[in-house]
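K.L.:
Got a structure here, written out as structure tokens. Questions coming.
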Amino acid sequence: MIKFSPTLTLQYDTAFSPFTAAEFDQGLQWAKASGFDGVEVCISNYNGVDIPALKAKLDALQLGCSTLSTGQARTLEKIALLSDPVSVERTQQRFYQHIDAAAVLGSKVTMGLLRGLGVPEHQEAQKKLLAEQMKPIVEYADKKGVTIIFEGINRYETALLCSAAEAAEFVRVYLGNPDCVGVLWDVFHANIEDPSMEAAIEVIGDKLKHVHFADSNRWFPGYGHIDFDGVYKMLKARGYSEYCSFECNNLPSVEAVRTNAGPFVRHLRAL
Ligand code: LER
Ligand code: MN
């Protein structure tokens, strides 16, 4: 069975969360009432973050945690893996903390923009370097039984590893296909980068471990031109049983996101 989660932020506000960090508990109540199976939680750093308390809150509502969204630290702290040695070290340490938290929460850990933006030149060298810098993170994840999900991100946000094919190749070839690393496929990026939704799902194959839902304009599904019924049916037909997680801007409005989420999830489940 495919599971669903919305993005909720725990520390710092983001346009992807329909509740502010201060409203986190209200967001959990809404997620439960809307029929979600779990929540995707944005955590930037662990200053003052009580993971056992978060786990207790989720358990009380019988909600899972799909993945830890990690990218906020890149803009807030200017850290990344494709960066200077001090920044690389800080980013690796941050991922160890994310992995420890994920082990408690039973979630995955996202490797998105915190890998760094890269530059258009010397793609091959940067992919090799990134794989090298991810190595201790992957080893730590493996030891802790946590899955890292590597996301293809469109060309306007990053210089490399933009498409589903590139993300899947990076995991399989450059990282050596470890069991503890999968691909996060974001249909908003896919609409820009991938030849078709079908081809993307096919090329990722058994490495597909998480899906981000936002429409072609990054509004809530239904306000752009992505065929979500078609995508959902393809995922279902392939036996995908991980999360589809909403990561869209609060558009057309935060009220619309909050109101539409439950009916949209019910609609997809009925397909
Ligand atoms: C993160 O999941 C993502 O999709 C990035 O585009 C965030 O800006
Ligand atoms: Mn995404």
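K.L.:
Rounded to the nearest Å, what's the spacing between the alpha carbon centres of region 200-271 and region 41-82? Just the number, please.
P.N.:
First find each Cα centre; the distance between them is then 22 Å.
K.L.:
Using 7 Å Cα-to-Cβ label points, what is the Y46/S253 separation (nm, one decimal)?
P.N.:
4.1
K.L.:
Could you sort R155, R74, R90 by accessible area so the largest value comes first, with the probe set to 1.4 Å?
P.N.:
R155, R90, R74
K.L.:
Go ahead and estimate [θ] at 222 nm for the chain from helices alone: -39,500 (n - 2.57) per DSSP H run with n ≥ 4, summed, over the residue count, rounded to 500.
P.N.:
About -13000 deg cm²/dmol.
K.L.:
Also, quick follow-up: Report the calculated FRET efficiency for Y96 and A33 (r = Cβ-Cβ distance, R0 = 45 Å), to the nearest 0.05.
P.N.:
The calculated FRET efficiency here is 0.80.
K.L.:
For the chain, what is the charge dipole size about the Cα centre, in debye to the nearest 20, if Lys and Arg each add +1 at the Cβ and Asp and Glu each add -1 at the Cβ?
P.N.:
The dipole of the chain has a size of about 460 debye.
K.L.:
Same structure again: Using a 1.4 Å probe on the protein heavy atoms only, what accessible surface does Y174 show? Give it in Å² to the nearest 10.
P.N.:
Counting only protein heavy atoms, the figure is 50 Å².
K.L.:
Now a separate question. What do you get for Rg/Rh over region 3-269 if you use C-alpha atoms and the Kirkwood form of Rh?
P.N.:
0.94
K.L.:
For the chain, report the accessible area per residue in Å² (1.4 Å probe, heavy atoms, rounded to an integer).
P.N.:
It amounts to 41 Å² per residue over the chain.
K.L.:
Continuing with the same structure: At 0.36 nm per residue, and after removing the present C-alpha to C-alpha distance, how many nm does the segment from V104 to N177 gain when stretched out fully?
P.N.:
23.8 nm
K.L.:
To make sure I understand the rule: partners must be aspartates and glutamates, Cα under 13 Å from the Cα of K143, and not fewer than 8 residues away in the same chain. Which ones qualify?
P.N.:
Correct list for K143: D100, D179.
K.L.:
Still on this structure: If DNA, RNA and ligands are ignored and the probe is 1.4 Å, what is the ranking of F188, F213 by accessible area, most exposed first?
P.N.:
Ranked list, largest accessible area first: F188, F213.
K.L.:
Take the cross-link list K209/K233; K127/K209; K127/K207; K3/K57; K57/K233 and give me the ones stretching past 27 Å between alpha-carbons.
P.N.:
The answer is K57/K233.
K.L.:
Provide the convex hull volume over Cα atoms per residue for region 32-171, in Å³.
P.N.:
120
K.L.:
Of all the accessible heavy-atom surface of the chain, with the other protein chains kept in place and a 1.4 Å probe, what percent is carbon and sulfur?
P.N.:
52
The values are calculated or read from the model by the stated rules, or taken from the named source; none is laboratory data. All values reported here derive from a predicted model rather than from experimental measurement. Here Cβ is always computed from backbone atoms with ideal geometry, including for glycine, and neighbour counts include all displayed protein chains. Each accessible area value is taken on the protein alone, full model and side chains, heavy atoms only, with ligands, DNA and RNA left out. Shrake-Rupley method; radii C 1.70, N 1.55, O 1.52, S 1.80 Å.
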